Every structure is written in C-alpha cells, then in structure tokens.
1. Any chance you could count how many residues in the stretch B:219-268 are farther than 20 Å from A:Pro294 by Cβ and either of a type outside the set (Val, Ile, Thr) or open to solvent by 40 Å² or more (accessible area, probe 1.4 Å) (or both)?
2. Could you grab me the full set of residues in the stretch B:270-284 that are over 21 Å from B:Thr209 (Cα atoms) and within 14 Å of chain A (Cβ to nearest Cβ)?
3. Any idea which residue in the stretch B:281-309 is surrounded by the fewest Cβ atoms within 10 Å (Cβ to Cβ), counting only those that are of a type in the set (S, T, N, Q) and modelled with pLDDT of 95 or more?
4. Can you find even one residue in the stretch B:153-165 that is open to solvent by 40 Å² or more (accessible area, probe 1.4 Å), outside any helix (DSSP H, G or I), closer than 20 Å to B:Gln323 by Cα and touching a residue at least 40 places away in the same chain (Cβ under 8 Å)?
5. Out of all the residues in the stretch A:128-142, is one or more at the interface with chain B (Cβ under 8 Å from one of its Cβ atoms) and in a loop (DSSP other than H, G, I, E, B)?
6. Across the stretch B:97-118, what is the number of residues that are open to solvent by 20 Å² or more (accessible area, probe 1.4 Å) and hydrophobic (A, V, I, L, M, F, W, C)?
7. Could you say whether any residue in the stretch A:285-299 is without any contact (Cβ under 8 Å) to a residue 40 or more places away in the chain and of a type in the set (Val, Ile, Thr)?
8. I need every pair where a residue in the stretch A:224-247 that is free of Cβ contacts under 8 Å to residues at least 60 places away in the same chain has its Cβ under 6 Å from the Cβ of a residue that is open to solvent by 60 Å² or more (accessible area, probe 1.4 Å), sequence separation at least 6 or different chains.
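The values are calculated or read from the model by the stated rules, or taken from the named source; none is laboratory data. Keep in mind that what you see is a predicted model, and the values were worked out from it rather than measured. Ideal geometry is used to build each Cβ from the backbone, glycine not excepted, and the neighbour counts take in all protein chains shown. Quick note on the areas: whole protein, heavy atoms, side chains included, nothing else; ligands and nucleic acids left out. Shrake-Rupley method; radii C 1.70, N 1.55, O 1.52, S 1.80 Å.
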2 protein chains.
Amino acid sequence: MTEDLSPQAAGRRVGIADVAARAGVSLGTASKALNGRGNLREETRARVRAAAEELGFAPNTNARSLLSGRTFTVGIITTDSYGRFSIPVMRGAEDSLAAGEMIAFLCDSRDDPIREQHHLRKLLERRVDGIIVAGRRTDERRPLGRDLPVPVVYALAPSSDPDDCNVVSDERGAARLAVDHLVKTGRRRIAHITGPHSHASARERADATIEALAGHGLRLVGEPYFGSWTEAWGRFAAAQLLRAHPDVDGVFCGNDVVARGVTDGLREAGVSLPMQVGVVGVDNWALVAEAARPPLTTVDLGLEEIGRRAAELLIAAIDGHPQPGRHVVAGHLVVRES
Amino acid sequence: MTEDLSPQAAGRRVGIADVAARAGVSLGTASKALNGRGNLREETRARVRAAAEELGFAPNTNARSLLSGRTFTVGIITTDSYGRFSIPVMRGAEDSLAAGEMIAFLCDSRDDPIREQHHLRKLLERRVDGIIVAGRRTDERRPLGRDLPVPVVYALAPSSDPDDCNVVSDERGAARLAVDHLVKTGRRRIAHITGPHSHASARERADATIEALAGHGLRLVGEPYFGSWTEAWGRFAAAQLLRAHPDVDGVFCGNDVVARGVTDGLREAGVSLPMQVGVVGVDNWALVAEAARPPLTTVDLGLEEIGRRAAELLIAAIDGHPQPGRHVVAGHLVVRES
C-alpha cells in the first residue's frame with residue numbers, strides 16, 4: 001500500500017493548487033476553468049472540473065470576491081426581535097438571494113438606533129453588496145444613512161425618504177378585501193375594531209375601511225374602535241360594540257390577535273358565529289387564526305412576497321439598475337370559518 | 001481653491017493605500033498599524049490611525065481574514081421557519097458573537113435535509129469559522145456531517161453523536177419547577193396534559209413530572225394525557241380530565257399553547273381559576289401566556305441563554321478549546337396568575 005498524501009488524508013482543506021496539480025495545469029488555468037472565465041479549451045475546463053470534483057474542492061467564495069469586487073453577501077437588519085414579521089420577510093428574501101448565489105448576514109437591531117448604526121458599520125466593513133432593512137411596523141422610519149456606498153432596500157417599514165427603495169404591504173387593499181368579503185357574505189352593518197391610532201397601519205386600514213364601505217353604498221357602524229393589538233382589547237371592544245350597536249352583523253378587525261379577542265367577546269356574549277356576525281382579521285398568523293373559535297377568515301399581507309421583492313430589487317440595484325420608490329405588494333384573502 | 005482629489009470626493013471607497021499615502025508610510029506598515037501586529041513605533045501606529053480616521057477608512061474585514069486565516073463569520077442553520085424557538089436562540093448567539101467581533105450568516109433549512117446540506121456547502125465555501133445548528137425540537141437529530149473542517153455546536157436539538165457539542169434545555173428540571181410550584185401552592189391532585197408522545201420533550205417532561213411528584217410523596221392523577229401542541233387538544237383534554245377526576249386541583253401542561261386550551265376548557269366548564277385548579281405551562285411565550293385567562297404561570301426554558309452558551313462554546317472551539325458533550329441550561333419559573 002502506498003501512503004496517502006491527499007489533502008483529505010492530511011486533514012487539511014483542498015486548495016486550488018491541489019486541483020491544478022491533479023489536472024496537470026497551471027494555477028491560473030485551474031482558476032479560470034473553475035470561475036468560467038478566460039479562453040480555455042473545453043477539454044481542459046472539463047479536466048479541471050473533474051479534478052475538483054474528485055478532490056471534493058469547494059471554491060473559496062471569499063477569494064472569488066476579491067477578483068470580482070463583489071462579496072455576494074448582503075446584510076439583513078431587522079428591528080423585529082420576535083420574528084413574527086421579519087421571519088417571513090427574511091424567508092422570502094433568502095429565496096430570491098439564493099437564486100443569485102448570495103447569502104445574508106442577519107443583524108437584529110431590536111429597534112435601537114445605536115445597535116442599528118453599529119450593525120451598519122459592521123456590514124460595510126464586511127463589504128456587503130447591499131442591505132435589506134426589515135421592520136415590523138408600516139410607519140415610515142429614518143433612512144439607514146446618507147450616501148451609503150451600497151444600495152439599501154426597505155421591506156415593510158418604508159424609509160421617510162421617497163427616493164429610497166421601499167417594498168410595502170397594501171394596507172388599503174387589505175381593508176378592501178375584508179370589506180368586499182363581508183359584503184359579499186351578506187353583511188350590511190359592519191364595524192371596525194383595531195390597534196392604536198398612533199400606528200400607521202391602524203389609521204390606514206380604518207380610512208380604507210370607510211372608503212370601501214362607501215363604495216358599496218354603506219356606512220361604518222359607529223366610529224373605528226382604536227385600542228391596542230391585544231385580545232383583551234378585542235374582547236372589551238366587542239362588548240362595547242354590542243351594547244351600542246346590537247344590530248351589528250360584521251366586524252373587520254385590524255389584525256388577527258384583535259379578531260381573536262372579538263370572536264371570544266362576541267361568543268361569550270351569546271352571539272352565534274358566523275351566523276349572526278362575520279369577523280375578518282389581518283395577518284393570517286396561523287397560530288392565532290387557527291386557534292380562534294371559529295377559525296378566522298383573514299387577509300394575508302404576503303410578507304414572504306415582500307421579502308422576495310425586496311431581495312430582487314436589491315439584486316437589481318447591485319447590478320446597476322436601482323428602482324427607487326414605493327413598491328406595493330398585494331395581499332390576498334384566506335377564507336376560514338369566521 | 002484646489003481640486004479635491006480625496007477618495008470620498010471621487011466617490012470611491014477609501015482603501016488602505018489611501019491611508020498609507022496620507023500617513024506617509026508603506027502599505028505594509030499601514031496594514032500592521034491597523035491590525036495591531038508587528039513591531040512599530042507607537043508614534044507611527046498613532047499616525048496611521050489618525051490618517052485612517054481622517055479619511056473615514058473602514059477596515060476590510062474580508063482582507064483581514066486572508067491574513068489571519070479566520071473570517072470572523074459563523075453560520076447559523078435553523079430548522080425553525082416560524083422563528084418561535086430559533087429567534088431567541090439566535091438573539092442570544094448574536095450577543096455572544098458580537099463580543100468576539102463575529103457576525104452570523106443565517107440559513108433556514110426548513111427541516112429539509114437537502115436544503116441543510118446545500119447551506120452547509122455554501123457556508124464552507126464562505127470559509128465560516130464555525131456553525132451553530134438551531135433546532136426547534138429537543139429530539140436528537142442526525143449530525144450535520146462527518147469530519148467537517150470547522151467546529152459545530154447544536155443548540156436545542158442535540159446531535160445523536162455524543163461526541164458532538166450540544167446545548168440543551170433542562171426538560172426534567174422544567175417539570176420539577178412546575179410540580180414544586182403547584183405543590184407549594186397547596187395542590188395535591190395534579191394531572192399532566194401534554195403534546196405528542198412521539199416528541200422527546202413530551203415524554204421527558206411526563207417522566208420527570210411523575211418523578212417530581214413521587215419526591216413529594218404524591219402520585220400523578222390519571223395517566224399523562226398525550227395529544228398535540230394545540231389549544232383544541234388542551235380544551236378537549238381538560239373536559240376529559242374533569243369527567244374522570246373531578247377532584248383534580250392542579251394541571252401541569254407540556255407547553256403554553258396546551259395550557260391556554262386547558263384554562264379555557266376548565267373555565268368554560270365552570271371551574272374557578274386559580275382558586276379550584278392551578279395551571280402551569282412551559283415556554284413563557286408572552287403572546288400566549290399573557291393572553292390566557294388567567295395569565296399563565298409557566299417555565300421559561302432560557303432559549304436566549306441556550307443561544308449565548310452555544311456561541312460561547314463555538315468561539316472556544318474555534319480558538320482550539322472544544323468542549324464536546326451535553327451542556328444543560330437551567331430554566332426558571334415565571335409566576336403569573338394561573
């Protein structure tokens with residue numbers, strides 16, 4: 001038996017020099033063959049690739065980046081520690097990035113501007129090709145920085161600078177989908193129970209609800225009930241609503257958590273759901289929507305699609321085709337039993 | 001006015017060559033000064049640093065890594081698309097990594113072995129210094145690979161290879177904390193309602209519940225109720241429990257979602273909580289625990305601490321001090337009103 005002198009046997013990583021030696025070509029030729037660059041005979045290219053495969057050579061992406069000036073990395077800065085909103089956005093972004101052989105550094109800013117600037121510095125030191133900023137609220141936020149050397153795309157929470165590239169949910173469209181569904185299922189006396197008035201998403205959904213009802217020749221039952229994004233508020237508001245407007249037959253809720261509270265509140269007040277009152281939420285958060293009694297009909301805002309679009313727009317910007325402005329992703333209705 | 005020839009004015013990134021020119025030193029000297037290496041006069045080092053600061057030079061971490069053989073990056077592969085378990089683990093890991101000036105690539109394997117191997121290949125191509133694998137179930141999992149060139153630490157879901165480095169939750173300790181609390185608050189007829197028998201965490205918590213009760217001279221009321229991690233199961237099991245054992249005065253639930261179902265089931269059957277029956281969950285998932293009526297007393301498994309420990313152990317392994325084996329992180333009880 002001869003001694004095994006292969007890099008694997010020696011316990012070290014296979015390098016491009018090993019591949020060149022095995023294929024009987026120069027280092028430069030091996031590099032060109034593996035990077036798909038330069039003028040090489042197809043036979044040579046094939047021989048190098050075969051050698052690389054035999055040796056289990058993994059190309060060093062970091063070395064490749066020194067040649068191309070790109071690192072094929074992007075940063076994702078999320079403000080959303082709970083992951084409820086940013087995880088689907090990230091999942092979608094990852095899908096699009098992987099198609100471009102890119103990979104993401106994850107940074108959690110925890111809604112803290114100091115942490116955010118720290119992460120920004122670190123990402124620029126790493127020479128990322130671009131940055132996605134994913135927020136959890138639809139309110140406008142301060143831009144990440146001025147004159148940054150790489151493109152930035154904002155997902156869900158738009159930048160206050162209209163020249164930035166923002167991918168946002170269709171807040172008004174969500175209200176239209178909900179109202180249209182309630183009207184289509186025969187509801188005519190529709191109320192709106194939602195989160196805090198200080199949240200852009202609560203205000204926009206409320207405005208659009210009134211507008212969508214007007215489109216059907218209907219008026220909102222009472223004023224919009226602004227409160228908090230909690231079940232307790234949903235239960236409490238449902239009781240208030242029943243006392244003031246016992247003839248209500250539909251409720252559009254600003255999100256699923258509130259809708260779950262509303263269904264509990266109505267049911268415990270003796271209202272039969274969905275016979276007497278139809279309820280629609282927003283978010284399609286399976287955990288909440290499926291656990292509600294009855295399971296919630298709700299508007300899915302397409303968070304994954306927002307992430308995918310943000311990554312596509314970032315890749316385009318990195319390739320020299322920035323598309324600043326507001327990119328609105330449409331949601332869709334998920335019909336369950338409420 | 002003289003023309004501004006600075007790199008900023010030319011719209012390009014400041015390079016180390018610019019710093020060297022400004023400080024009047026060679027490239028090598030500038031590099032040593034900024035990396036804190038080599039023998040240099042303190043005056044020279046200070047001059048280079050001042051030049052770097054004036055020019056707004058951000059060191060290229062990627063170039064630094066070519067010198068040190070380290071990239072100061074790690075990969076985090078998560079199987080947990082919803083983020084419920086992996087986000088706190090990642091948050092903890094990020095805390096520890098940042099202390100070592102490291103940054104994490106995030107990969108979501110979606111519980112798919114093919115995606116996982118794809119991510120592993122990509123991470124090795126990026127020359128990460130190490131990998132954390134974060135799972136959502138406490139069941140043993142297949143090791144990520146054999147003879148990997150970098151250290152791996154498993155967080156929450158341990159590897160089936162006992163020589164791997166695993167950071168896990170204290171499943172038995174969680175049951176002890178819950179039982180001790182129920183007994184201390186005067187409960188003597190305690191039942192256990194939990195998730196599927198096929199999940200290691202359900203089995204271990206059930207076994208430890210029986211053992212902890214025995215330590216108090218008590219026996220479990222009925223057999224453990226194995227079912228699913230859903231509220232609907234919790235409600236259903238609560239009704240079954242009441243029929244078979246109307247004198248029950250405490251229920252330890254395998255997680256907060258089940259506990260929420262149990263509290264609803266008991267309350268709707270006319271049981272006064274917590275006067276007649278005390279309920280304890282596991283997870284301290286704020287969304288669920290705080291929305292339950294009454295808000296849930298629950299065991300926090302310390303997921304962030306698991307992430308922190310995993311990152312610390314990974315950094316130690318990268319530095320040449322691997323600590324294989326099972327590292328158990330203790331949980332703690334969070335007392336609310338149930």
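1. Here the count works out to 27.
2. The answer is B:Gly270, and nothing else.
3. B:Thr297
4. yes
5. Looking through the stretch A:128-142, none of the residues is at the interface with chain B (Cβ under 8 Å from one of its Cβ atoms) and in a loop (DSSP other than H, G, I, E, B).
6. The qualifying residues number 4.
7. yes
8. From the stretch A:224-247, the pairs are A:Phe226/A:His197; A:Leu242/A:Ala269; A:Asp247/A:Arg189.
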